[in-house]
Amino acid sequence: MTEVELIAHAFETLGPYVMERRADREHLGISSKSHANDLLTEVDIETQRRIVALIGAAFPGDVIVGEEEGYTRYPGDPGARAWIIDPIDGTQNFVRSLLPEFGISIACVQGNAFVAGGVAFPGTGDVFLAERGAGASRNGRPIRVSDVASLALARVEIDLDGPHKRQPTLDRAGTILLNAGQVRCHCAAVLGLCSIASGDADAYVHVSLRPWDYAAGLLLVEEAGGRSSDLSGHPVRVFGENDGLLISNGRIHEELLTHLRRA
């Protein structure tokens, strides 16, 4: 079983469980983590446990990094093979949203190089998969980023996150907000990044993310022809301290960086 095959298998087995539990979400066990709006449900925990079990059976010895249950520590060996998991990205949407704007994210990396990644949206049945050098797909069909070449015509997601990140976001991305053709905030990084990979959006801006938020989505965008950097224009380091995250279709990346540098 290859890495991408394991990811696809995990999505196939987990999707029904996640949607069954969401249908009964009024009875979910829900708690808070770092702050009151940073929610954790029993579905986050159980989904991660099941993914960890699948990886352990297929690739014993690989490091696992995940958002929940003590898996947040980065590998000590910078060249290690590692799996990066976000069991439910968009937990607020999972708990309260009318629309199914949440996803399961799994990526495999070797050091700072992505091997494979995927995002599943159980609410819609969409599955995005990518392998390094082999392109990206949505439900088995190849996808490409958009041809939009101007910020004035672009659809940009500016993730406002929690209250403590709002002012830094406005400070850094305020002129992008004022000049973009359209602005979105779905409160789920995987949705923003997959939208770029599929050509439905053109850029994504966040002042601070962890690897499980972006790993699979970043590979999807790059394999679909897009571009990634931090907000200063430097390459994104999988387990490093990045200056935020800028993902785009590539055509408007320099224009976005010009706005960010002015700020």
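Any read-out appearing in this document is the output of simple, stated calculations on the displayed coordinates, not a laboratory observation. Owing to the predicted nature of the structure, the values given are computational and were not obtained by experimental measurement. So basically every Cβ, Gly included, is an ideal-geometry build from the backbone, and we count neighbours across all protein chains shown.
Quick notes
- Looking at segment 203-263, the GluC sites (Glu not before Pro) that sit in a DSSP loop and have at most 11 other Cβ atoms within 10 Å of their own Cβ are 241.
- Compactness index (Cα Rg / 2.2 N^0.38 Å), segment 160-234: 1.07
- Exposure proxy order (Cβ contacts within 10 Å, fewest to most) of 253, 164: 164, 253
- Karplus (6.51, -1.76, 1.60) ³J(HN,Hα), θ = phi - 60°, over segment 253-263, in Hz, Gly and Pro reported as x: 4, 5, 5, 5, 5, 4, 5, 5, 5, 4, 5
- Across segment 211-216, rounded Karplus estimates of 3J(HN,Hα) from the backbone phi angles (6.51 cos²θ - 1.76 cosθ + 1.60, θ = phi - 60°) give x, 5, 6, 10, 4, 5 Hz, Gly and Pro being marked x.
- Cβ-placed point charges (K, R +1; D, E -1), dipole of the chain about Cα centre in debye, nearest 20: 460
- Whole-Hz couplings from phi, Karplus 6.51/-1.76/1.60, listed for segment 191-205; x for Gly and Pro: 5, x, 6, 5, 5, 5, 4, 8, x, 8, 9, 10, 6, 9, 10
- Close amide H contacts of residue 159 (hydrogens built in the peptide plane, cut-off under 5 Å, sequence separation of 5 or more or a different chain): 205.
- What the Cα convex hull of the chain gives, in volume per residue, is 116 Å³.
- Simple Cβ-charge dipole of segment 3-142, Lys/Arg +1 and Asp/Glu -1, about Cα centre, in debye nearest 20: 180
- Selection among 112, 63, 158 by position relative to the dipole of the chain gives 158 as farthest towards the positive end (Cβ unit charges, Cα centre).
- If both residues of a DSSP beta bridge must be in the chain, then about 80% of such bridges are antiparallel.
- For segment 53-87 versus segment 219-243, the gap between their alpha-carbon centres in whole angstrom: 20
- Dipole-positive endmost among 130, 18, 252 within the chain (Cβ charges, Cα centre): 252
- Peptide ranges 99-107, 155-163 listed from the most packed, as the mean C-beta count within 10 angstrom indicates: 99-107, 155-163
- Simple Cβ-charge dipole of segment 151-262, Lys/Arg +1 and Asp/Glu -1, about Cα centre, in debye nearest 20: 220
- Value of D in µm² per second that Stokes-Einstein yields for segment 3-142, Kirkwood Rh from Cα pairs, at 10 °C (1.306 mPa s): 102
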